[in-house]
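The values are calculated or read from the model by the stated rules, or taken from the named source; none is laboratory data. Everything numeric in this text was worked out from a predicted model, so none of it was measured. Reconstructed Cβ throughout: ideal geometry from the backbone, glycine too, with neighbour counts over all protein chains shown. Areas reflect the complete protein model, heavy atoms only, side chains present, ligands, DNA and RNA absent. Shrake-Rupley method; radii C 1.70, N 1.55, O 1.52, S 1.80 Å.
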Amino acid sequence: EISPKGRELQIGLLLGIGYLTIIPTIVMVILLMFVPVPDPLIWGQEGPYNILAGVAQLIGGAGVAVGMYFISKPLFQKLFKDFKVSTFTSALKFALIAYACVVCANMVDLTLFGPTMENANQQAVESLMMDSPVVGVLMAVVLAPVIEELIFRYYVFKGLEKRNIYLAYAVSSLGFVAIHLIASIGTPFFLQDL
């Protein structure tokens, strides 16, 4: 298997951390200079600001994905070389079965425990999907999962795996959880989301 080493690992992690923190913010600030929105100081508002934030995530994420491609070319070449349509269709079938299982589990949970509040991350994704389905799907279904997999499975997990497999599992899992709690920080629902 291919593992990131040296400079590839360092740059990949920097790009991943940038994607999760500052890169979309920089793109958003630039976009706000050219695109008028009702009140850019109100984060998370519905409508134009939310769509613009999604576009900023897409632009920043696309830049990060391109950067990751160029620094990790051997990984992508192997993925493209080993790609088989039959494997993809099998994976798609598995994903649909998994989705059906999640729906069933949610129905059982709802029946047994009643409705619960959605976490802030889920609310943000759903809000973006309602405001702009195209931007929402590109962001939440295409770009974010690809970049998250590269960050947490390739750069973090594979980067730590040879040193300590348990540390690799712990750091990649906790990092993945942490990025999905970012939207809850500072809200009264942080502990519930946690």
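Of Glu149, Glu126, Glu118, Glu161, which residue is under 22 Å from Leu58 (Cβ atoms) and more than 13 Å from the chain's Cα centre (by Cα)? Full working, then the answer.
Details: Glu149 fails: more than 13 Å from the chain's Cα centre (by Cα); Glu118 fails: under 22 Å from Leu58 (Cβ atoms); Glu161 fails: under 22 Å from Leu58 (Cβ atoms).
Of Glu149, Glu126, Glu118, Glu161, the one residue that is under 22 Å from Leu58 (Cβ atoms) and more than 13 Å from the chain's Cα centre (by Cα) is Glu126.
Quick one: which residue in Val156, Val85 is at pLDDT 90 or above and of a type outside the set (Gly, Ala, Ser)?
Going through Val156, Val85 in turn, the sole match is Val156.
State whether one or more residues within the stretch 113-125 are aliphatic (A, V, I, L, M), open to solvent by 90 Å² or more (accessible area, probe 1.4 Å), out of contact with any His (no Cβ under 7 Å at 6 or more places or on another chain) and in contact (Cβ under 8 Å) with a residue 60 or more places away in the chain. Break it down into steps so the answer makes sense when it comes.
As a first pass, look at the stretch 113-125 and keep what is aliphatic (A, V, I, L, M): 117, 120, 124-125.
Next, from what is left, pick out any that are open to solvent by 90 Å² or more (accessible area, probe 1.4 Å): 117.
Narrowing further to those that are out of contact with any His (no Cβ under 7 Å at 6 or more places or on another chain): 117.
Among the residues that remain, those that are also in contact (Cβ under 8 Å) with a residue 60 or more places away in the chain are: 117.
Looking for residues that are aliphatic (A, V, I, L, M), open to solvent by 90 Å² or more (accessible area, probe 1.4 Å), out of contact with any His (no Cβ under 7 Å at 6 or more places or on another chain) and in contact (Cβ under 8 Å) with a residue 60 or more places away in the chain, one finds at least one in the stretch 113-125, hence yes.
Among the residues in the stretch 103-110, are any surrounded by fewer than 11 Cβ atoms within 10 Å (Cβ to Cβ), over 22 Å from the mean Cα position of the chain (by Cα), among the β-branched types (Val, Ile, Thr) and modelled with pLDDT of 90 or more?
Taking every residue of the stretch 103-110 in turn, at least one turns out to be surrounded by fewer than 11 Cβ atoms within 10 Å (Cβ to Cβ), over 22 Å from the mean Cα position of the chain (by Cα), among the β-branched types (Val, Ile, Thr) and modelled with pLDDT of 90 or more.
So Ile165 ticks every box in (1) farther than 30 Å from Pro4 by Cα; (2) of a type in the set (Val, Ile, Thr); (3) without any contact (Cβ under 8 Å) to a residue 12 or more places away in the chain but one. Which box is left unticked?
(1)
Name the residue that is farthest from Glu118 (Cα to Cα), counting only residues in the stretch 169-184 that are surrounded by 15 or more Cβ atoms within 10 Å (Cβ to Cβ) and hydroxyl-bearing (Ser, Thr, Tyr).
Per the stated criteria, the residue is Ser172.
Report the residue count in the stretch 60-90 for those that are touching a residue at least 60 places away in the same chain (Cβ under 8 Å) and either farther than 28 Å from Gly18 by Cβ or not in a helix (DSSP H, G or I) (or both).
1
Looking at the stretch 36-59, is at least one residue assigned to a loop (DSSP other than H, G, I, E, B), β-branched (Val, Ile, Thr) and within 17 Å of the chain's Cα centre (by Cα)?
no
State whether one or more residues within the stretch 149-162 are surrounded by fewer than 13 Cβ atoms within 10 Å (Cβ to Cβ) and farther than 29 Å from Leu96 by Cβ.
There is at least one residue in the stretch 149-162 that is surrounded by fewer than 13 Cβ atoms within 10 Å (Cβ to Cβ) and farther than 29 Å from Leu96 by Cβ.
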